[in-house]
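**Student:** Below is one structure. I have some questions about it.
Read-outs throughout are calculated quantities, based only on the coordinates presented, and are distinct from any laboratory measurement. Since we're looking at a predicted model, the values are computed, not measured. Here the Cβ is made from the backbone with ideal geometry for all residues, glycine too, and neighbour counts use every protein chain on show.
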Amino acid sequence: MKQPDSNFLASEFTSSATRNAPIGVMDSGVGGLTILNELRQLLPHEDFVFIADQANVPYGERTLEEVQGFVEGIVATLLQGDFVDENPQPMKLMVIACNTASAAALHPIRELFPQLKFVGLEPAVKPAAENTQSQKIGVIATKATFQGTLYASLISRFATDVDVYKRACPEFVQLVERGGPYTEEDQTMVCDILSPLVEEGIDQLVLGCTHFPFLTPLFRKCVGEDVEIIDPSPAVAAQARRVLASAEALSDRIEPGTTVFVTTGNIEHFAEQVRTLTGETNPIVRQAQWVDKRLVIL
Ligand code: DGL
C-alpha cells in the first residue's frame, strides 16, 4: 500500500476530488459515530470512511502536539484513498468528528492540506450562552479540549456574561468505549460527576466531546428535565452539507452510499461497537495500524 513521503507537501496530493468521492470522518474512538449517524441520515447518497484511532484513545489525556500528529497521519492516509479496494479515490471532505482533535489540529491541517475541505468541532458554548435563563452553563469535554486556544477563544467571544462551569470527563469516554449495557454503578458514577454542575444551577449542559451523546439517557437521569443538553451532531452534519453544497460537491448518485469503518484497535470489539451504535447489521470493517507515525490500512 502506498504511503506518503515522510516530508510530504500538500501540493503532492492531487485535487481530484469529485462529487462522488467519499467523505472522511475521524475520531479517537467510537464517539465520532454520533456525528457519522447524523451525516448518513442527512446525506444518504454519500460514501463515508470512518476512522477510529482506538490504539490511541483517549486523545483527551494526551498533549495537543501528540494529537496533532495523529490527525495529520490519518488525513494523509485518507487522502490517498487506499481504503476502498475497487475504486481508490481521495476524499472530498474531512470531518474531524472529535472536539479534542479539532482543538489540537484544525488550524495546522487546514494549512498543511489546503486542497481539502474540513469541518471541525467546537463545544457549543455560543448557543448555550444565548439560551441560558439562569446565566449559568455547564461544559463537559476532555482535558485537552479545555487546554486548547479554541476553547479559550469561545469563552472570550461568547460567554463573558455568563458563569461557565466546566469539567473534564475522561470517565465518560471510557464508559462509551467499553460499551453498554450500563449498570446502576455506571449511573451513580455519572451522577456523582455531574451533580456539582447541577448544584451550581446550570440550565444548559454542553456536550463538548463526541462520545458523550451516547450517554444522554444517563445524563438526563442526573440533570432532570429542566436542563437543556446540547448535542452538536445535527448542526455539524448540516454544516458539512452546506460546505459540500456551496462547492457543488454533493453526490449525484441515486443509490444509497456505503461506509467503510476502520479501526487501529481491536477489530472484533470495534465491529460489535459499530453494530450497536449505528444499527448497521453487517458493517464493512477494516484494520489499520500505525507504522512510524504513518497510518497503514491493512
Ligand atoms: N471524542 C473525542 C472528543 O470529541 C475525544 C475522546 C478522547 O479520546 O478523549 O473530544
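**Student:** What is the projected area of the convex hull of the Cα atoms of the stretch 22-62, averaged over all directions, in nm²?
**Tutor:** Convex hull of Cα atoms, orientation-averaged projection: 2.8 nm².
**Student:** Using amide H atoms built 1.01 Å from N in the peptide plane, name the residues 5+ places from W290, or on other chains, whose amide H lies under 5 Å from its own.
**Tutor:** V296
**Student:** Quick check: pseudo-label points 7 Å beyond the Cα along Cα→Cβ at E199 and A152, how many nm apart are they?
**Tutor:** For the pair E199/A152, the computed spacing is 3.0 nm.
**Student:** Out of the DSSP beta bridges found with both residues in the chain, what percent are antiparallel (nearest 5)?
**Tutor:** Of all bridge pairs located within the chain, approximately 10 percent are antiparallel.
**Student:** In whole Hz and in residue order, list the ³J(HN,Hα) couplings for the stretch 161-173 that follow from phi through the Karplus curve 6.51 cos²θ - 1.76 cosθ + 1.60, θ = phi - 60°; x for Gly and Pro.
**Tutor:** So the J values, rounded to whole Hz, are 9, 10, 8, 10, 10, 10, 8, 7, 10, x, 4, 6, 5.
**Student:** How many percent of all Cα-Cα pairs in the stretch 171-298 sit more than 19 Å apart?
**Tutor:** 65 percent
**Student:** Continuing with this model, one more query. For K221 and E268, what is the calculated FRET efficiency with R₀ set at 35 Å and r taken between the beta-carbons, to the nearest 0.05?
**Tutor:** That gives a FRET efficiency of 0.65.
**Student:** Compute a Gaussian network model of the chain, connecting alpha carbons closer than 10 Å, and tell me which residue from L121, L215, L93 fluctuates the most.
**Tutor:** Comparing L121, L215, L93 in the GNM, the peak value goes to L215.
**Student:** Å³ per residue of the Cα convex hull, for the chain?
**Tutor:** 129 Å³
**Student:** What percent do you get for the relative contact order of the chain when only Cα pairs under 8 Å and 6+ apart count?
**Tutor:** 26 percent
**Student:** Further question: Any idea what Rg and Dmax come out to for the stretch 128-228 if you just take the C-alpha atoms, in Å?
**Tutor:** My reading of the Cα-based Rg and Dmax gives 13.5, 40 Å.
**Student:** Using θ = phi - 60° and the Karplus form 6.51 cos²θ - 1.76 cosθ + 1.60, what ³J(HN,Hα) does each residue of the stretch 252-262 get, whole Hz, x for Gly and Pro?
**Tutor:** My calculation for the stretch 252-262 gives 9, 6, 9, 6, x, x, 10, 10, 9, 9, 10 Hz in order.
**Student:** Here is a follow-up. Rounded to the nearest angstrom and ordered from largest down, what semi-axes does the equivalent ellipsoid of the stretch 65-212 get from its C-alpha gyration tensor (root of 5λ)?
**Tutor:** 32, 21, 12
**Student:** Can you compute the modelled spin-label distance between S134 and L298, with each label point 7 Å from Cα toward Cβ, in nm?
**Tutor:** So the label points at S134 and L298 sit 4.9 nm apart.
**Student:** Whole-Hz Karplus ³J(HN,Hα) for the stretch 277-289, in order, using 6.51 cos²θ - 1.76 cosθ + 1.60 and θ = phi - 60°, x for Gly and Pro?
**Tutor:** With the stated coefficients, the stretch 277-289 comes to 8, 10, x, 6, 7, 10, x, 7, 10, 10, 9, 10, 9 Hz.
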